[in-house]
Amino acid sequence: MKIEKTIPDAQTRAKNVERWKEVCLMFDRLNAMLDEASAILEAEQKNNPYYQYRQRNKQEKSFLGEDQQTR
């Protein structure tokens, strides 16, 4: 059984284009929400005392040359 492909009429194409525009806008909104959430989490992480402690230790080890790990 062979399925023939046909080009939809102009009205159907216009409707599909509008739907795709809506989908693109929804993805844009979702990306903006994810960017905002990422920024919030990053700010919270930088204020976390444990994170600050680890960053200080990481810098001190790097300064002393102890960041090289042997494998």
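Values quoted throughout were computed directly from the atomic coordinates according to the rules given, and no laboratory measurement underlies them. Here the structure is a predicted model, which is why all the values come from computation and not from measurement. No Cβ is skipped: glycine too gets one built from the backbone with ideal geometry, and neighbour counts run over all protein chains shown.
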* Highest-MSF residue in the chain out of 43, 32, 14 [GNM, Cα springs under 10 Å] -> 14
* Structure fact -> Against the 2.2 N^0.38 Å rule of thumb, the C-alpha Rg of the chain sits at a ratio of 2.35
* To do: Taking 7 Å along the Cα-to-C-beta vector as the label spot, tell me the residue 22-residue 46 distance in nanometres, rounded to one decimal.
  => 4.0
* Cβ-placed point charges (K, R +1; D, E -1), dipole of the chain about Cα centre in debye, nearest 20 -> 280
